[in-house]
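Asks: Input: one structure, supplied below.
The values are calculated or read from the model by the stated rules, or taken from the named source; none is laboratory data. Nothing here was measured: the structure is a model prediction, and the numbers come from that model. Cβ placement follows ideal geometry from the backbone for every residue including glycine, while neighbour counts extend to all protein chains displayed. These area figures cover heavy atoms from the full protein model, side chains too; ligands, DNA and RNA do not enter into them. Shrake-Rupley method; radii C 1.70, N 1.55, O 1.52, S 1.80 Å.
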Amino acid sequence: MSESLLVLVESNTTGTGRMFCERARGLGLRPIAFVRDPARYPYLDQDGVDVRQLDTTDPDALLRAARQLAGQVLGVTSSSEYFIATASRLAGQLGLPHPDPMAVTACRNKAEQRALLRHAGLPGPDFELVRSPADAVAAAERIGWPVVVKPPTGSGSVGVRLCTDPAQVSAAAAAILAADLATAGIPEQDSVLVEQYLTGPEFSVECFDRQVIGCTAKHLGPQPYFVEVGHDFPAPLDEPATAELAEAALAGLAALGLGWGPAHVELRRTPAGPRIVEVNPRLAGGMIPRLVLEATGIDLIELTVARAAGLPVEIVPSRDRTAAIRFLLAARSGTLTEVSGLELARRSPAIVEVRLTAAIGTDLRLQNSFRDRLGYLISTGEDGPAAAHDATEALAHLRLRIEPRIGPPVTKGVASQ
(Lines give C-alpha, C1' and ligand atoms only; values in the text may rest on other atoms or scores of the structure.)
Protein backbone atom coordinates (compact mmCIF):
# COMPACT_ATOMS: atom_id res chain seq x y z
CA MET A 1 0.00 0.00 0.00
CA SER A 2 1.42 3.39 -1.01
CA GLU A 3 2.14 6.01 1.62
CA SER A 4 -0.35 8.88 1.92
CA LEU A 5 1.16 12.34 1.68
CA LEU A 6 0.12 15.79 2.84
CA VAL A 7 1.61 18.59 0.71
CA LEU A 8 2.35 21.82 2.56
CA VAL A 9 2.88 24.78 0.22
CA GLU A 10 5.41 26.99 2.00
CA SER A 11 4.97 27.63 5.75
CA ASN A 12 4.86 30.27 8.39
CA THR A 13 8.09 30.76 10.28
CA THR A 14 6.53 31.43 13.66
CA GLY A 15 3.72 29.72 15.51
CA THR A 16 2.05 26.75 13.88
CA GLY A 17 4.09 25.77 10.79
CA ARG A 18 5.97 23.01 12.54
CA MET A 19 2.77 21.76 14.16
CA PHE A 20 1.16 21.09 10.77
CA CYS A 21 3.86 18.51 10.08
CA GLU A 22 3.52 17.01 13.55
CA ARG A 23 -0.25 16.66 13.23
CA ALA A 24 0.05 15.15 9.75
CA ARG A 25 2.32 12.44 11.12
CA GLY A 26 -0.06 11.87 14.00
CA LEU A 27 -2.82 11.17 11.45
CA GLY A 28 -0.67 8.69 9.57
CA LEU A 29 0.33 11.07 6.77
CA ARG A 30 3.83 11.90 5.61
CA PRO A 31 4.25 15.68 5.30
CA ILE A 32 6.10 16.95 2.26
CA ALA A 33 6.93 20.65 1.94
CA PHE A 34 6.91 22.46 -1.40
CA VAL A 35 9.13 25.48 -0.72
CA ARG A 36 11.25 27.93 -2.62
CA ASP A 37 13.94 28.29 0.05
CA PRO A 38 14.15 25.48 2.63
CA ALA A 39 16.60 27.50 4.73
CA ARG A 40 13.73 29.82 5.74
CA TYR A 41 12.24 26.97 7.77
CA PRO A 42 14.91 25.36 9.98
CA TYR A 43 12.39 22.93 11.46
CA LEU A 44 12.13 21.11 8.11
CA ASP A 45 15.68 19.86 8.46
CA GLN A 46 15.51 19.44 12.24
CA ASP A 47 12.38 17.28 12.02
CA GLY A 48 13.36 15.37 8.88
CA VAL A 49 10.48 16.71 6.79
CA ASP A 50 10.61 15.72 3.12
CA VAL A 51 11.18 18.78 0.91
CA ARG A 52 10.68 19.58 -2.77
CA GLN A 53 12.43 22.82 -3.71
CA LEU A 54 10.68 24.71 -6.51
CA ASP A 55 9.21 28.06 -7.51
CA THR A 56 6.05 28.09 -5.40
CA THR A 57 4.77 31.16 -7.23
CA ASP A 58 4.58 29.11 -10.46
CA PRO A 59 1.27 27.14 -10.61
CA ASP A 60 2.58 24.86 -13.36
CA ALA A 61 5.68 23.97 -11.33
CA LEU A 62 3.51 23.15 -8.33
CA LEU A 63 1.19 20.94 -10.36
CA ARG A 64 4.10 19.07 -11.98
CA ALA A 65 5.70 18.44 -8.60
CA ALA A 66 2.42 17.16 -7.14
CA ARG A 67 1.73 14.87 -10.09
CA GLN A 68 5.21 13.39 -9.80
CA LEU A 69 4.12 11.94 -6.47
CA ALA A 70 2.06 9.39 -8.40
CA GLY A 71 -1.31 9.75 -6.72
CA GLN A 72 -0.01 9.48 -3.19
CA VAL A 73 -1.14 13.00 -2.24
CA LEU A 74 -4.17 12.86 0.03
CA GLY A 75 -4.32 16.58 0.76
CA VAL A 76 -2.80 19.99 0.08
CA THR A 77 -2.78 22.94 2.47
CA SER A 78 -0.60 25.75 3.80
CA SER A 79 0.11 27.39 7.13
CA SER A 80 1.27 30.57 5.35
CA GLU A 81 -1.02 33.57 5.00
CA TYR A 82 0.36 34.21 1.54
CA PHE A 83 -0.08 30.68 0.13
CA ILE A 84 -3.51 29.54 1.32
CA ALA A 85 -5.11 30.50 -2.01
CA THR A 86 -2.27 28.82 -3.93
CA ALA A 87 -2.74 25.61 -1.92
CA SER A 88 -6.49 25.72 -2.50
CA ARG A 89 -6.05 26.01 -6.28
CA LEU A 90 -3.55 23.15 -6.35
CA ALA A 91 -5.84 20.93 -4.30
CA GLY A 92 -8.67 21.69 -6.70
CA GLN A 93 -6.53 20.77 -9.70
CA LEU A 94 -5.74 17.43 -8.05
CA GLY A 95 -9.37 16.76 -7.17
CA LEU A 96 -8.69 16.97 -3.45
CA PRO A 97 -10.69 18.68 -0.67
CA HIS A 98 -10.29 22.45 -0.67
CA PRO A 99 -12.02 25.77 0.07
CA ASP A 100 -13.26 27.89 -2.82
CA PRO A 101 -10.06 29.38 -4.33
CA MET A 102 -11.87 32.44 -5.67
CA ALA A 103 -13.44 33.17 -2.28
CA VAL A 104 -10.08 32.79 -0.54
CA THR A 105 -8.33 35.01 -3.10
CA ALA A 106 -10.96 37.74 -2.81
CA CYS A 107 -10.82 37.56 0.98
CA ARG A 108 -7.03 37.91 0.96
CA ASN A 109 -7.42 41.36 -0.61
CA LYS A 110 -8.75 43.58 2.15
CA ALA A 111 -10.29 46.10 -0.27
CA GLU A 112 -12.19 43.37 -2.14
CA GLN A 113 -13.24 41.89 1.18
CA ARG A 114 -14.55 45.25 2.38
CA ALA A 115 -16.54 45.70 -0.84
CA LEU A 116 -18.11 42.23 -0.57
CA LEU A 117 -19.09 42.78 3.06
CA ARG A 118 -20.61 46.14 2.18
CA HIS A 119 -22.51 44.59 -0.75
CA ALA A 120 -23.95 42.01 1.66
CA GLY A 121 -25.22 44.82 3.88
CA LEU A 122 -22.85 44.21 6.76
CA PRO A 123 -21.88 47.45 8.50
CA GLY A 124 -18.20 48.31 8.50
CA PRO A 125 -15.81 51.23 8.32
CA ASP A 126 -15.76 53.66 5.42
CA PHE A 127 -12.79 52.91 3.20
CA GLU A 128 -11.04 53.86 -0.02
CA LEU A 129 -8.36 52.13 -2.08
CA VAL A 130 -5.78 54.58 -3.44
CA ARG A 131 -2.51 54.44 -5.36
CA SER A 132 -0.46 57.40 -4.11
CA PRO A 133 0.31 59.22 -0.85
CA ALA A 134 -1.51 62.31 -2.12
CA ASP A 135 -4.63 60.28 -2.88
CA ALA A 136 -4.37 58.66 0.56
CA VAL A 137 -4.44 62.10 2.20
CA ALA A 138 -7.45 63.11 0.11
CA ALA A 139 -9.24 59.88 1.07
CA ALA A 140 -8.54 60.49 4.76
CA GLU A 141 -10.02 63.98 4.50
CA ARG A 142 -13.19 62.52 2.98
CA ILE A 143 -13.46 59.67 5.51
CA GLY A 144 -12.68 61.79 8.57
CA TRP A 145 -9.94 61.64 11.19
CA PRO A 146 -8.44 59.50 12.53
CA VAL A 147 -7.91 56.85 9.85
CA VAL A 148 -6.10 53.54 9.58
CA VAL A 149 -3.67 53.13 6.69
CA LYS A 150 -2.79 49.55 5.75
CA PRO A 151 -1.54 47.38 2.87
CA PRO A 152 -4.40 45.65 0.99
CA THR A 153 -2.56 42.31 1.16
CA GLY A 154 -0.64 41.99 4.38
CA SER A 155 -0.46 40.09 7.64
CA GLY A 156 0.55 40.45 11.26
CA SER A 157 -0.12 44.22 11.44
CA VAL A 158 2.86 44.87 9.15
CA GLY A 159 2.56 48.38 7.72
CA VAL A 160 -0.69 49.14 9.56
CA ARG A 161 -0.80 52.54 11.24
CA LEU A 162 -3.29 54.86 12.91
CA CYS A 163 -2.95 58.35 11.45
CA THR A 164 -4.29 61.62 12.81
CA ASP A 165 -3.01 64.14 10.26
CA PRO A 166 -2.05 64.42 6.57
CA ALA A 167 1.69 64.09 7.17
CA GLN A 168 1.24 60.77 8.95
CA VAL A 169 -1.03 59.44 6.21
CA SER A 170 1.39 60.46 3.49
CA ALA A 171 4.34 58.84 5.27
CA ALA A 172 2.43 55.62 6.02
CA ALA A 173 1.18 55.32 2.44
CA ALA A 174 4.63 55.98 0.99
CA ALA A 175 6.14 53.28 3.22
CA ILE A 176 3.56 50.73 2.05
CA LEU A 177 4.08 51.54 -1.63
CA ALA A 178 7.85 51.21 -1.21
CA ALA A 179 7.66 47.93 0.74
CA ASP A 180 9.07 44.61 -0.40
CA LEU A 181 8.98 41.16 1.14
CA ALA A 182 12.69 40.97 1.96
CA THR A 183 12.88 44.14 4.05
CA ALA A 184 9.33 44.94 5.12
CA GLY A 185 7.80 41.50 5.53
CA ILE A 186 4.92 42.08 3.09
CA PRO A 187 4.71 41.57 -0.68
CA GLU A 188 5.07 44.55 -2.97
CA GLN A 189 1.94 46.72 -2.91
CA ASP A 190 0.60 48.87 -5.74
CA SER A 191 -2.15 50.44 -3.64
CA VAL A 192 -3.02 51.51 -0.12
CA LEU A 193 -6.19 50.99 1.91
CA VAL A 194 -7.41 53.97 3.95
CA GLU A 195 -10.12 53.14 6.49
CA GLN A 196 -12.23 54.81 9.14
CA TYR A 197 -10.87 54.00 12.61
CA LEU A 198 -13.16 51.73 14.60
CA THR A 199 -13.24 52.35 18.34
CA GLY A 200 -13.84 49.74 21.00
CA PRO A 201 -12.08 46.62 22.32
CA GLU A 202 -10.87 44.08 19.77
CA PHE A 203 -11.79 40.41 19.66
CA SER A 204 -11.54 37.54 17.25
CA VAL A 205 -13.92 34.68 16.59
CA GLU A 206 -12.31 31.32 15.82
CA CYS A 207 -14.41 29.24 13.45
CA PHE A 208 -14.25 25.87 11.75
CA ASP A 209 -16.69 24.87 9.00
CA ARG A 210 -18.97 27.76 10.00
CA GLN A 211 -19.03 26.48 13.56
CA VAL A 212 -17.90 28.95 16.21
CA ILE A 213 -15.22 27.47 18.44
CA GLY A 214 -14.94 30.53 20.68
CA CYS A 215 -14.01 34.19 21.03
CA THR A 216 -10.55 35.55 21.81
CA ALA A 217 -9.82 38.83 23.61
CA LYS A 218 -6.95 40.61 21.88
CA HIS A 219 -4.50 42.96 23.61
CA LEU A 220 -2.84 45.60 21.46
CA GLY A 221 0.34 47.57 22.05
CA PRO A 222 0.51 51.36 22.04
CA GLN A 223 -0.78 53.41 19.13
CA PRO A 224 -0.20 54.34 16.37
CA TYR A 225 0.59 50.66 15.70
CA PHE A 226 -1.60 47.60 16.07
CA VAL A 227 0.84 45.04 17.42
CA GLU A 228 -0.90 42.19 19.23
CA VAL A 229 0.89 41.75 22.56
CA GLY A 230 -1.35 39.08 24.06
CA HIS A 231 -4.55 37.05 23.82
CA ASP A 232 -7.04 35.54 26.27
CA PHE A 233 -9.24 32.55 25.37
CA PRO A 234 -12.10 32.41 25.84
CA ALA A 235 -12.73 36.15 25.99
CA PRO A 236 -14.19 37.30 29.34
CA LEU A 237 -17.61 38.18 27.90
CA ASP A 238 -21.15 37.31 28.92
CA GLU A 239 -23.26 35.05 26.70
CA PRO A 240 -25.15 37.84 24.86
CA ALA A 241 -21.92 39.64 23.95
CA THR A 242 -20.28 36.41 22.80
CA ALA A 243 -23.33 35.50 20.73
CA GLU A 244 -23.37 38.94 19.14
CA LEU A 245 -19.75 38.61 18.04
CA ALA A 246 -20.32 35.05 16.80
CA GLU A 247 -23.34 36.08 14.75
CA ALA A 248 -21.40 38.92 13.09
CA ALA A 249 -18.49 36.58 12.30
CA LEU A 250 -20.71 33.92 10.72
CA ALA A 251 -22.49 36.59 8.67
CA GLY A 252 -19.10 37.70 7.39
CA LEU A 253 -18.14 34.16 6.37
CA ALA A 254 -21.44 33.72 4.53
CA ALA A 255 -21.05 37.04 2.70
CA LEU A 256 -17.57 36.05 1.51
CA GLY A 257 -18.46 32.51 0.42
CA LEU A 258 -16.29 30.97 3.13
CA GLY A 259 -17.00 28.26 5.66
CA TRP A 260 -14.74 25.35 4.71
CA GLY A 261 -12.14 24.58 7.34
CA PRO A 262 -10.67 27.24 9.63
CA ALA A 263 -11.43 30.96 9.73
CA HIS A 264 -10.26 33.75 12.02
CA VAL A 265 -12.58 36.77 12.11
CA GLU A 266 -11.34 39.94 13.81
CA LEU A 267 -13.91 42.41 15.12
CA ARG A 268 -14.31 45.45 17.32
CA ARG A 269 -17.16 45.99 19.73
CA THR A 270 -17.98 49.57 18.82
CA PRO A 271 -20.67 51.71 20.48
CA ALA A 272 -22.84 50.88 17.44
CA GLY A 273 -22.29 47.12 17.77
CA PRO A 274 -19.79 44.57 16.39
CA ARG A 275 -17.89 45.63 13.28
CA ILE A 276 -15.66 43.34 11.26
CA VAL A 277 -12.02 44.43 11.08
CA GLU A 278 -11.10 41.59 8.72
CA VAL A 279 -11.93 37.99 7.89
CA ASN A 280 -9.04 35.58 7.48
CA PRO A 281 -9.72 32.25 5.70
CA ARG A 282 -7.15 30.45 7.81
CA LEU A 283 -6.19 29.55 11.33
CA ALA A 284 -5.44 32.39 13.70
CA GLY A 285 -1.84 33.41 14.20
CA GLY A 286 -0.31 34.48 17.48
CA MET A 287 -0.47 30.95 18.94
CA ILE A 288 -4.26 31.25 19.36
CA PRO A 289 -4.79 27.63 18.21
CA ARG A 290 -2.57 26.58 21.12
CA LEU A 291 -4.76 28.58 23.53
CA VAL A 292 -7.88 26.93 22.12
CA LEU A 293 -6.27 23.52 22.64
CA GLU A 294 -5.26 24.32 26.24
CA ALA A 295 -8.69 25.71 27.07
CA THR A 296 -11.03 23.30 25.26
CA GLY A 297 -9.02 20.31 24.07
CA ILE A 298 -10.02 21.14 20.47
CA ASP A 299 -6.97 20.84 18.21
CA LEU A 300 -7.65 23.26 15.36
CA ILE A 301 -4.40 22.37 13.61
CA GLU A 302 -5.24 18.68 13.57
CA LEU A 303 -8.75 19.50 12.34
CA THR A 304 -7.31 21.61 9.53
CA VAL A 305 -4.94 18.85 8.43
CA ALA A 306 -7.71 16.27 8.60
CA ARG A 307 -10.10 18.44 6.61
CA ALA A 308 -7.48 19.01 3.88
CA ALA A 309 -6.82 15.26 3.67
CA GLY A 310 -10.51 14.34 3.54
CA LEU A 311 -10.37 12.55 6.89
CA PRO A 312 -13.27 12.55 9.36
CA VAL A 313 -13.56 15.68 11.47
CA GLU A 314 -15.25 15.78 14.86
CA ILE A 315 -15.32 18.94 16.98
CA VAL A 316 -15.83 17.87 20.59
CA PRO A 317 -14.52 19.89 23.56
CA SER A 318 -12.84 17.78 26.22
CA ARG A 319 -12.15 20.44 28.85
CA ASP A 320 -13.49 23.77 30.08
CA ARG A 321 -10.58 25.99 31.09
CA THR A 322 -9.03 29.32 30.14
CA ALA A 323 -5.68 30.18 28.60
CA ALA A 324 -3.68 33.35 28.02
CA ILE A 325 -0.55 34.24 26.08
CA ARG A 326 1.71 37.25 26.45
CA PHE A 327 4.48 38.09 24.02
CA LEU A 328 7.97 39.30 24.78
CA LEU A 329 8.69 42.14 22.36
CA ALA A 330 11.74 44.11 21.40
CA ALA A 331 11.54 47.77 22.36
CA ARG A 332 14.36 48.93 20.09
CA SER A 333 16.72 47.84 17.35
CA GLY A 334 20.11 46.35 18.14
CA THR A 335 21.66 43.01 19.04
CA LEU A 336 19.91 40.72 21.51
CA THR A 337 22.60 39.83 24.06
CA GLU A 338 20.67 38.49 27.06
CA VAL A 339 17.23 37.42 28.28
CA SER A 340 16.95 36.98 32.04
CA GLY A 341 14.15 35.91 34.37
CA LEU A 342 13.13 32.78 32.45
CA GLU A 343 13.32 30.44 35.43
CA LEU A 344 11.51 32.94 37.64
CA ALA A 345 8.69 33.17 35.06
CA ARG A 346 8.41 29.37 34.97
CA ARG A 347 7.89 29.07 38.74
CA SER A 348 4.19 29.82 38.63
CA PRO A 349 2.16 26.58 38.40
CA ALA A 350 -0.19 28.37 36.00
CA ILE A 351 2.56 28.83 33.39
CA VAL A 352 2.62 25.89 30.96
CA GLU A 353 5.25 27.20 28.57
CA VAL A 354 7.91 29.89 28.35
CA ARG A 355 9.76 30.02 25.06
CA LEU A 356 12.21 32.29 23.29
CA THR A 357 11.76 32.50 19.53
CA ALA A 358 14.87 34.64 18.89
CA ALA A 359 18.38 33.41 19.60
CA ILE A 360 20.92 35.36 21.60
CA GLY A 361 23.02 37.30 19.09
CA THR A 362 20.10 38.01 16.78
CA ASP A 363 20.24 41.40 15.06
CA LEU A 364 16.93 43.14 15.69
CA ARG A 365 15.32 45.80 13.56
CA LEU A 366 12.22 47.28 15.16
CA GLN A 367 9.27 46.66 12.81
CA ASN A 368 6.28 47.71 14.94
CA SER A 369 4.57 44.46 13.94
CA PHE A 370 4.42 40.83 15.07
CA ARG A 371 8.00 40.50 13.82
CA ASP A 372 9.15 42.26 17.01
CA ARG A 373 8.13 39.24 19.10
CA LEU A 374 11.11 37.52 20.69
CA GLY A 375 9.24 34.96 22.76
CA TYR A 376 6.06 34.17 24.63
CA LEU A 377 4.60 32.54 27.70
CA ILE A 378 1.30 30.73 28.13
CA SER A 379 -0.76 30.33 31.29
CA THR A 380 -3.86 28.26 31.99
CA GLY A 381 -6.45 28.19 34.74
CA GLU A 382 -10.06 27.67 35.70
CA ASP A 383 -10.70 31.41 35.74
CA GLY A 384 -10.06 33.76 32.81
CA PRO A 385 -8.97 36.88 34.72
CA ALA A 386 -6.66 34.77 36.87
CA ALA A 387 -4.98 33.17 33.83
CA ALA A 388 -4.52 36.60 32.24
CA HIS A 389 -3.08 37.99 35.50
CA ASP A 390 -0.66 35.06 35.85
CA ALA A 391 0.58 35.51 32.28
CA THR A 392 1.07 39.26 32.69
CA GLU A 393 2.82 38.81 36.04
CA ALA A 394 5.17 36.15 34.67
CA LEU A 395 6.02 38.32 31.67
CA ALA A 396 7.13 41.08 34.05
CA HIS A 397 9.94 38.81 35.28
CA LEU A 398 11.56 38.71 31.82
CA ARG A 399 14.29 41.23 31.07
CA LEU A 400 15.92 41.91 27.70
CA ARG A 401 19.35 43.31 27.03
CA ILE A 402 19.63 44.79 23.55
CA GLU A 403 22.98 46.36 22.78
CA PRO A 404 23.60 48.92 20.03
CA ARG A 405 24.43 47.12 16.82
CA ILE A 406 28.03 47.23 15.66
CA GLY A 407 28.31 47.12 11.89
CA PRO A 408 25.54 46.50 9.35
CA PRO A 409 22.55 44.35 10.34
CA VAL A 410 22.55 40.69 9.40
CA THR A 411 19.75 39.86 6.97
CA LYS A 412 17.65 36.97 8.21
CA GLY A 413 14.69 35.09 6.81
CA VAL A 414 11.43 37.02 6.82
CA ALA A 415 8.99 35.78 9.41
CA SER A 416 5.41 35.11 8.47
CA GLN A 417 2.52 34.32 10.76
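Asks: Taking the condition under 20 Å from the mean Cα position of the chain (by Cα), over 28 Å from K110 (Cα atoms) and not small (G, A, S), does Y43 pass?
Replies: When the stated conditions are applied, Y43 passes them.
Asks: Another question about this same structure. In the set R307, R365, R290, R355, which member is of a type in the set (D, E, K, R) and over 30 Å from L237 (Cβ atoms)?
Replies: Just one listed residue meets the conditions, R365.
Asks: Checking the conditions here, which among R347, R321, R365 is modelled with pLDDT under 95 and under 25 Å from the mean Cα position of the chain (by Cα)?
Replies: Within the list R347, R321, R365, the selection yields R365.
Asks: For L63, work out the one condition from (1) touching a Pro at 6+ places or on another chain (Cβ under 9 Å); (2) open to solvent by 10 Å² or more (accessible area, probe 1.4 Å) it doesn't fulfil.
Replies: So the condition that L63 fails would be (1).
Asks: State all residues of the stretch 1-22 that are open to solvent by 60 Å² or more (accessible area, probe 1.4 Å) and either assigned to a strand (DSSP E or B) or out of contact with any Pro (no Cβ under 9 Å at 6 or more places or on another chain) (or both); if no residue qualifies, say none.
Replies: Matches in the stretch 1-22: M1, S2, E3, R18.
Asks: With a cut-off of at least 1 residues that are in contact with a Pro (Cβ under 8 Å, 6 or more places away or on another chain) and more than 20 Å from G252 (Cβ to Cβ), name the helices (runs of 4 or more DSSP H) lying wholly within the stretch 76-135.
Replies: Of the helices (runs of 4 or more DSSP H) lying wholly inside the stretch 76-135, those with at least 1 residues that are in contact with a Pro (Cβ under 8 Å, 6 or more places away or on another chain) and more than 20 Å from G252 (Cβ to Cβ) span 84-93.
Asks: Sticking with this one: Taking T357 and the conditions (1) among the hydroxyl-bearing types (S, T, Y); (2) open to solvent by 70 Å² or more (accessible area, probe 1.4 Å); (3) modelled with pLDDT of 95 or more, which numbered condition does it fall short on, given that it satisfies the others?
Replies: With respect to (1) among the hydroxyl-bearing types (S, T, Y); (2) open to solvent by 70 Å² or more (accessible area, probe 1.4 Å); (3) modelled with pLDDT of 95 or more, T357 is out only on (3).
Asks: Check R64, R25, R52 and return the single one that is out of contact with any Ser or Thr (no Cβ under 9 Å at 6 or more places or on another chain) and part of a strand (DSSP E or B).
Replies: R52
Asks: Test I276 against the criterion of being among the β-branched types (V, I, T) and over 27 Å from L116 (Cα atoms), and give yes or no.
Replies: Here the answer is no, as I276 does not meet what is asked.
Asks: Okay, next question. Right, G407: of a type outside the set (D, E), modelled with pLDDT under 90, out of contact with any Leu (no Cβ under 6 Å at 6 or more places or on another chain) and over 30 Å from V160 (Cβ atoms) or not?
Replies: In short, yes.
Asks: Based on what the data block shows, is A386 modelled with pLDDT under 95, among the small types (G, A, S) and buried (at least 22 other Cβ atoms within 10 Å of the Cβ)?
Replies: Against the criterion (modelled with pLDDT under 95, among the small types (G, A, S) and buried (at least 22 other Cβ atoms within 10 Å of the Cβ)), A386 does not qualify.
Asks: For V352, which of the numbered conditions (1) assigned to a helix (DSSP H, G or I); (2) open to solvent by 20 Å² or more (accessible area, probe 1.4 Å); (3) touching a residue at least 12 places away in the same chain (Cβ under 8 Å); (4) over 22 Å from E338 (Cα atoms) fails to hold?
Replies: Status for V352: all satisfied but (1).
Asks: Any chance the stretch 238-245 includes a residue that's out of contact with any helix residue (DSSP H, G or I) (no Cβ under 6 Å at 6 or more places or on another chain), in a strand (DSSP E or B) and not hydroxyl-bearing (S, T, Y)?
Replies: Among the residues of the stretch 238-245, not one is out of contact with any helix residue (DSSP H, G or I) (no Cβ under 6 Å at 6 or more places or on another chain), in a strand (DSSP E or B) and not hydroxyl-bearing (S, T, Y), which makes the answer no.
Asks: Still on this structure: Specify which of the listed residues (Q189, Q223) is in a loop (DSSP other than H, G, I, E, B) and surrounded by fewer than 14 Cβ atoms within 10 Å (Cβ to Cβ).
Replies: On inspection, the qualifying residue turns out to be Q223.
Asks: Further question on the same structure: Restricting the search to the stretch 230-240, which residues are open to solvent by 40 Å² or more (accessible area, probe 1.4 Å) and touching a residue at least 12 places away in the same chain (Cβ under 8 Å)?
Replies: Of everything in the stretch 230-240, those that are open to solvent by 40 Å² or more (accessible area, probe 1.4 Å) and touching a residue at least 12 places away in the same chain (Cβ under 8 Å) turn out to be P234, P236, L237.
Asks: Residues in the stretch 201-212 that are in a strand (DSSP E or B), touching a strand residue (DSSP E or B) at 6+ places or on another chain (Cβ under 8 Å) and open to solvent by 30 Å² or more (accessible area, probe 1.4 Å): how many?
Replies: The qualifying residues number 1.
Asks: If you don't mind, there's one more thing I want to ask. Can you tell me which of (1) open to solvent by 20 Å² or more (accessible area, probe 1.4 Å); (2) in a helix (DSSP H, G or I) is the one L366 doesn't meet?
Replies: (2)
Asks: Mind checking whether some residue in the stretch 101-120 is in contact with a helix residue (DSSP H, G or I) (Cβ under 8 Å, 6 or more places away or on another chain) and surrounded by fewer than 16 Cβ atoms within 10 Å (Cβ to Cβ)?
Replies: yes
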